Amino acid sequence: MIQLFLEDGCVVEAGGYRVGYDVELSDAVALRRVMGIEGVRVRVLFAWVLVTAVEVGDGEVTVSLGPLKKSFPAVGFKSSPRCIAGAATPATTDS
């Protein structure tokens, strides 16, 4: 398991969604797959949903939100998004 501690949480825009991460992130990394992710959430409609896994293959990045999955073109992940100004609040909030 990999753990990463950051100075602050962050919210970014990615693939048309707001993605938030906490100060502490952890996951298990395998070839083309990150599983057991903790500390990363995606805003869907009015709620933050936990990201549980990310998988790469066939030119797509597939994000698992519990039992649900959503795929995006991998080309959209070539650069890292920056925090939205003033939105570096914990991703666990529902605002």
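Values in this text are rule-based calculations from the coordinates and carry no lab data. On a predicted model such as this, the values are computed, not experimentally measured, just so you know. Backbone-built Cβ (ideal geometry, glycine too); neighbour counts: all protein chains shown.
Report note on the peptides 73-82, 52-61: ranked by the mean count of other C-beta atoms within 10 Å, highest first, their order is 52-61, 73-82.
In order along segment 62-71, phi translates into HN-Hα couplings of 10, 9, 9, 10, x, x, 8, 10, 9, 9 Hz, rounded to whole numbers, per the Karplus curve 6.51 cos²θ - 1.76 cosθ + 1.60 with θ = phi - 60° and x for Gly and Pro.
What does the net charge come to around Val23 if you take all other residues with beta carbon closer than 9 Å to its beta carbon, with K and R at +1 and D and E at -1? Mind showing how you got there, number by number?
Details: positive: none; negative: Glu7, Asp8, Asp22, Glu24.
Local net charge: -4.
Contact order, relative form, for segment 2-77: 20 percent (alpha carbon pairs under 8 Å, 6 or more residues apart, mean separation divided by residue count).
Extension gain for Val56-Arg82 works out to 7.2 nm (0.36 nm per residue, less the C-alpha to C-alpha distance).
If a spin label sat at a point 7 angstrom from the Cα of Met35 along the line to its beta carbon, no backbone N atom of segment 59-76 would be nearer than 11 Å.
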